[in-house]
Structure formats: structure tokens, C-alpha cells
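Working notes for the structure below.
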Amino acid sequence: MSASSLTHFPRQAPVASSAPLLTAFSRSADPQAVASELATALGHDDLAFVLFFCSAEYPLDQLGEAMQQAFVGVPMAGCTTAGEITPQGYGRGCVVAIGLDRRHFAVSLSLVEDLDGFDLIRAQQLVDDLLDECRGHAMAPVGENSFALTLLDGLSSSEEQVLATLDAALGRIPSFGGSAGDDNRLAHTHVYSNGRFRSSAAVVVMINTALPFEVFTTHHLRPQSAKLVVTRADREGRRVLELNAAPAAEEYARLVGLEVAELDASVFARYPLAVRIGDAHYVRSIQRVNADGSLSFYCAVENGIVLTAMQPAPILEDLEAVLGRLHDTLGEPVLVIGCDCFLRRLELEALGAVDAASRLLARSRVVGFNTYGEQHHGMHVNQTFTGVAIGSRPRTG
């Protein structure tokens with residue numbers, strides 16, 4: 001569809017909104033209807049920024065143009081997903097959006113298109129520019145009252161480099177984010193900025209607010225005694241060819257007690273592997289078995305690392321405990337922006353627990369998406385629930 005054939009949505013009549021932010025979602029299959037519904041729900045005179053997550057099933061060029069037409073002059077960022085988290089819980093094939101009020105948030109954003117060339121000099125310039133822009137409208141001192149959100153192409157092999165470099169430039173500013181998905185196809189993932197969707201790119205959003213917030217991460221996986229040593233790897237391709245000097249797929253299948261032919265995403269979700277750094281374990285999830293018997297991973301892997309077998313604990317108990325702690329710390333949240341690994345959702349589906357999870361997420365005011373990887377303070381991780389919880393009462397003092 002050409003730009004000229006798009007309906008030009010009239011600006012909505014000004015509405016009064018005392019809420020720091022608003023959320024909305026649309027299940028419509030028509031991009032124009034999606035954009036119109038979201039604009040009706042989120043539009044008001046003090047709308048400063050729109051963040052959205054959408055199914056890759058949409059015709060993305062049309063959706064991008066429709067969103068730009070519906071939110072004229074409002075900065076936006078977003079990405080495609082492996083599932084959505086709506087105000088009603090888990091969704092599929094829809095678009096979920098968050099509108100931030102300029103009376104509570106100062107927002108700046110930047111697009112990174114050359115992921116391979118993203119070095120510390122570029123990262124520092126990007127962070128400085130984002131902070132300078134926020135300072136002009138800051139709700140509170142930017143150094144202590146800001147956080148960064150990063151949305152990345154979920155099939156890029158540069159995620160670790162970009163995130164580590166960005167984290168070094170951010171210093172003490174907390175950061176989190178998610179890798180874009182494509183409804184579990186593992187073919188094409190996109191981020192949205194400046195009116196269109198792009199691959200091989202990242203969007204970095206700086207958000208300043210006087211409201212209390214906490215960037216957090218959690219997973220329900222516990223280490224076991226079994227270990228696998230990566231004895232041959234293709235680091236750039238995120239492939240492990242050998243584990244314990246044996247073909248990787250065969251050795252992993254032996255570990256979990258299955259045949260290689262039985263290995264699929266549901267098995268990888270139930271029997272993850274992790275690398276230990278200090279006292280913490282960071283999951284390195286398997287993406288697929290390749291024809292040559294190697295294993296492709298969602299995170300970087302290299303020769304010599306030791307992978308620990310992990311065992312899932314009750315997933316909803318862990319999530320409920322973390323969300324409860326955040327409530328105790330921040331008070332009733334106005335919103336939790338959640339980046340939830342799609343492998344966690346596969347596990348919930350296998351357990352028949354999706355409805356229970358949806359009720360918990362809705363009750364806890366979580367909105368977000370299912371990712372191909374999560375980001376927390378510069379680390380690229382898998383099978384976590386990572387995000388930011390924002391309280392409703394401004395900080396005092």
C-alpha cells in the first residue's frame with residue numbers, strides 16, 4: 001500500500017489524563033484500524049512518547065505508516081515479538097502500546113543501524129546526546145532518575161558487543177531490554193524507529209522520571225551437578241559443534257535422556273544450560289539443532305566455557321514472588337514493562353499454565369512482549385523475565 005492510499009486519521013479531541021501513562025492494545029488485523037484504536041486510547045495533549053510491541057504477522061510497512069499517521073509529531077519506538085503481553089495477559093497476533101505523559105516522563109531515543117561498528121566512542125556520544133535531550137525536559141536529576149531501554153534485532157550476532165559497549169557508556173544508569181522476535185519463525189525480526197521497521201538495528205530509549213522505578217530480572221532455573229564443556233565452537237555464528245569432545249547435539253541429547261530427533265524448542269525450554277559468572281548463572285538457551293549435528297544458541301558461546309545443566313523450579317511461584325517484592329518496594333505499580341523470554345511462554349503452554357500466568361501479569365499491571373533474548377545491565381541472557389517496575393507515587397526529598 002502506498003503512503004498516499006493511507007487514511008489520514010484526524011487528531012483526537014484533547015482529553016484530560018491524570019495518569020502518568022496509559023496502555024492499550026488492538027487485536028485488529030487491519031493496520032489502519034490498529035493505529036486508530038491505539039490513538040483513540042492513548043491520544044491526549046500531553047502525550048510525549050509511544051512504545052509498542054507487535055506481532056510479525058502484520059504487514060509491517062503498512063503498520064509503520066499507519067502508526068506515524070495516527071501519532072503525528074509523537075516520538076515512537078517498538079519491535080516485533082514472539083508473543084505480546086497485553087493489559088489482559090498473554091496475547092498473540094496483536095499490538096500492545098504504552099503512552100507516556102510528558103508531565104511525568106522526559107524521553108529521548110536514538111537509532112543504531114551499524115551494529116557491528118558500534119564502538120565505545122559511538123556509544124558514549126549516543127548516551128551523552130540522549131541525556132542532554134532529557135535534561136531539557138527532565139522531571140528529576142538525570143543521573144539518578146533515568147533508565148535505558150534497548151530493543152534489538154533478535155537475530156543479530158552483535159547483541160553482546162552492542163550491549164556491553166552501551167553499558168560501559170551508561171555507567172550507573174540502569175538498563176534493560178529485549179530482542180525482537182518473529183512469532184517463533186526465526187527468520188526476520190524488526191525494530192521500529194523514525195516511522196519504519198528495520199532489521200540489523202537497535203533502538204535505545206532514555207526515560208527520566210520522578211516516579212520511583214526498579215530495573216529487575218528473574219528466572220526460575222536452578223543449577224544441577226551435570227556440566228558440559230564447549231570443546232569446539234563457531235563464536236560468530238553462535239554455534240557449538242562439540243560438547244565434551246563429542247558432537248554437540250548427541251551429547252546434549254545424552255544429557256537429557258532423549259534422541260537427537262526428539263530435540264525441539266520445548267525440550268530446550270525444559271532443559272536449559274547456563275554459564276556461571278561469579279555466584280550467578282546466566283542461561284545460554286539453545287535455538288535449534290543443525291543438520292551437521294551442531295547446536296545454535298541465542299547467546300554468544302565460545303571454546304572452553306563450561307555450561308551447567310539447569311532444572312526449572314515452579315515458574316509462577318518465582319514470578320509472583322518477584323512481582324510481590326516490587327510491589328512492597330515501590331507501592332502499587334503504575335506499570336511493569338516486561339521482556340519475557342518466549343521459551344518461558346513455551347514452558348507455560350506445556351504446563352497448561354498460560355491462563356494462570358495471564359491473570360498474574362494482568363493483576364500486576366505488566367505490559368510487554370515475548371523476546372528472543374533479554375538484556376539486563378549490559379548482559380544478554382535467555383529464559384528470564386526482565387523489565388522495569390514504575391511506581392505511582394513520585395519520590396520525595
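The values are calculated or read from the model by the stated rules, or taken from the named source; none is laboratory data. Since we're looking at a predicted model, the values are computed, not measured. No Cβ is skipped: glycine too gets one built from the backbone with ideal geometry, and neighbour counts run over all protein chains shown. All accessible areas refer to the heavy atoms of the entire protein, side chains included, with ligands and DNA or RNA removed. Shrake-Rupley method; radii C 1.70, N 1.55, O 1.52, S 1.80 Å.
Quick notes on this structure:
- Number of positions in region 240-257 that are open to solvent by less than 50 Å² (accessible area, probe 1.4 Å) and out of contact with any Gly (no Cβ under 9 Å at 6 or more places or on another chain): 7
- Residue check for Ile277: at pLDDT below 90 and of a type in the set (Val, Ile, Thr): yes
- Count of region 201-220 residues which are open to solvent by 10 Å² or more (accessible area, probe 1.4 Å), in a strand (DSSP E or B) and not acidic (Asp, Glu): 4
- Test for Pro59: is it over 19 Å from the mean Cα position of the chain (by Cα) and in the same structural domain as Tyr372 (by TED's automatic domain parsing): yes
- Pairs where the first residue, in region 268-296, is buried (at least 16 other Cβ atoms within 10 Å of the Cβ) and the second is of a type in the set (Lys, Arg) and in a strand (DSSP E or B), C-beta under 6 Å, 6+ apart: Ser294/Arg239; Ser296/Arg239; Ser296/Arg288
- Conditions (1) at pLDDT below 95; (2) over 19 Å from Phe216 (Cα atoms); (3) not in a loop (DSSP other than H, G, I, E, B); number of the one not met by Glu302: (3)
- Tally, over region 37-56, of residues that are open to solvent by less than 10 Å² (accessible area, probe 1.4 Å) and not in a strand (DSSP E or B): 3
- Thr371 being β-branched (Val, Ile, Thr), touching an Asp or Glu at 6+ places or on another chain (Cβ under 6 Å) and in the same structural domain as Gly171 (by TED's automatic domain parsing): no
- Criterion (of a type in the set (Gly, Ala, Ser) and open to solvent by 10 Å² or more (accessible area, probe 1.4 Å)) met by exactly one of Gly83, Gly89, Gly78, Gly73: Gly73
- Selected residue (only one of Ala353, Ala300 is closer than 30 Å to Gly257 by Cα, small (Gly, Ala, Ser) and in the same structural domain as Ala265 (by TED's automatic domain parsing)): Ala300
- Pairs are defined by a Cβ separation below 7 Å, a sequence spacing of at least 6 or placement on different chains, a first member in region 82-103 that is assigned by TED's automatic domain parsing to the domain that holds Thr386 and assigned to a strand (DSSP E or B), and a second member that is among the charged types (D, E, K, R) and open to solvent by less than 10 Å² (accessible area, probe 1.4 Å); the pairs so defined are Ile85/Asp340; Gly91/Glu84; Val96/Glu84.
- The set of residues from region 375-389 being modelled with pLDDT of 95 or more and of a type outside the set (Val, Ile, Thr) comprises Phe385, Gly387, Ala389.
- Among the conditions (1) under 23 Å from Thr371 (Cβ atoms); (2) of a type in the set (Gly, Ala, Ser); (3) not assigned by TED's automatic domain parsing to the domain that holds Arg172, the only one that Gly278 does not satisfy is (1).
- The C-beta contact set for region 50-64 (first residue at pLDDT below 95, second residue assigned to a helix (DSSP H, G or I), distance under 7 angstrom, 6+ apart or interchain) is empty.
- All conditions in (1) among the β-branched types (Val, Ile, Thr); (2) more than 30 Å from Asp116 (Cβ to Cβ); (3) open to solvent by less than 40 Å² (accessible area, probe 1.4 Å) hold for Val260, with the sole exception of (3).
For (1) modelled with pLDDT under 95; (2) of a type in the set (Lys, Arg); (3) part of a loop (DSSP other than H, G, I, E, B); (4) not assigned by TED's automatic domain parsing to the domain that holds Gly78, each residue gets a yes or a no:
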site	(1), (2), (3), (4)
Leu109	no, no, no, no
Leu115	yes, no, yes, no
Val127	no, no, no, no
Met139	yes, no, yes, no
Ala148	no, no, no, no
Gly154	yes, no, yes, no
Val162	yes, no, no, no
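- Hits in region 241-255 - residues which are in contact (Cβ under 8 Å) with a residue 24 or more places away in the chain, closer than 27 Å to Leu348 by Cβ and of a type in the set (A, V, I, L, M): Ala249, Leu255
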